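Heads up, the thing below is written out as structure tokens.
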Amino acid sequence: MEREAEGKTWQRPDADSDWRIRRPLNAERPPHVPLKPQGSIPVIVRLLWPTHEELMPAEAVRWTKGHVQVAVIEVGAAQGATELYVWLRASDVYRTIPRRPRLGRAGQ
């Protein structure tokens, strides 16, 4: 999105990113959505993309029994960048970094 203002071109801080239009593969909207935001709780989310998975910091803003809507800002994004709002299953949202199996250990 660009605008002309006093001879200068204004551009969104995240204009060169396709972050806002992408949705992770594990995005899932619940059947019933709370109408108003319920809080702003710092969380870590697991996002699945076609080529990889990643853990990202986010804020939980709405939730149901089985789903959480989170606001994620792309790591390294400029100040004022657009947040990605996405519904995830509660099992993909964490309050602390989730434990992962250690690779290369005998017996695992």
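If you go through the stretch 41-81 and keep only what is out of contact with any strand residue (DSSP E or B) (no Cβ under 8 Å at 6 or more places or on another chain) and farther than 16 Å from residue 24 by Cα, you end up with 64, 65, 76, 77, 78, 79, 80, 81. Can you tell me which residue in the stretch 18-36 is surrounded by the most Cβ atoms within 10 Å (Cβ to Cβ), limited to those that are touching a Leu at 6+ places or on another chain (Cβ under 9 Å) and either modelled with pLDDT of 90 or more or more than 29 Å from residue 51 (Cβ to Cβ) (or both)? Among residues in the stretch 18-36 that are touching a Leu at 6+ places or on another chain (Cβ under 9 Å) and either modelled with pLDDT of 90 or more or more than 29 Å from residue 51 (Cβ to Cβ) (or both), the one surrounded by the most Cβ atoms within 10 Å (Cβ to Cβ) is 24. Residues that are of a type in the set (Val, Ile, Thr) and part of a strand (DSSP E or B) were ranked within the stretch 21-74; the one that is nearest to residue 90 (Cα to Cα) is 68.
The values are calculated or read from the model by the stated rules, or taken from the named source; none is laboratory data. None of the values given here were measured: they were computed from a predicted structure. No Cβ is skipped: glycine too gets one built from the backbone with ideal geometry, and neighbour counts run over all protein chains shown.
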